[in-house]
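The structure under discussion appears below in the form of structure tokens.
Values in this text are rule-based calculations from the coordinates and carry no lab data. The shown structure was predicted, so the numbers you read here are calculated from the model rather than taken from an experiment. Please note: Cβ atoms are built from the backbone with ideal geometry, for glycine as well, and neighbour counts cover all protein chains shown.
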Amino acid sequence: MFPVRCLAALALALAVALPAAAQSLPATLTCNGQEPFWSLTLAGDRAKLDAANPEIAALGPDIAGKRSVIGGTSQPVLHWRGRSRDGSGDIVAWVRRAACIMPSGDSVPFQMLLSLPGTGPVMGCCQ
């Protein structure tokens, strides 16, 4: 009976550990990009968008969305989608763990591809 309990405990531990591994991205990420200059903070299903460009600034600042993690690979990808505040379209972000060099020369651990309505995709770095 003891080995069966051990196997059941191992199965339960794996069932809990595997989704946790797929979620190995931080709960909150702050990302920045330039040309155009923007900042996006993702915290669960909420995002805060700041930008000097008035067309991008009109999309936020506070945006409700949905966060999910695309697993099944050695490098999970965070996917976040929300509707722009002005209703012009969806804001979609993909974040992956990969070294990213900031304009200051500092290296941070995450890269972001951000799709904004009216501007197309932009790249940024996150920490």
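Structure above, values below:
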read-out: Ranking of Phe37, Phe110 by count of other Cβ atoms within 10 Å, fewest first; value: Phe37, Phe110
read-out: Residue exposure sequence - Trp94, Trp80 - by fewest surrounding Cβ within 10 Å; value: Trp94, Trp80
read-out: Label-point separation in nm, Asp106 to Met123, each point 7 Å along Cα→Cβ; value: 2.0 nm
read-out: Relative contact order of region 82-127, pairs being alpha-carbon contacts under 8 Å that are 6 or more residues apart, as %; value: 33 percent
read-out: Chain lengthening between Ala64 and Val92 when straightened (0.36 nm per residue, less Cα-Cα); value: 8.9 nm
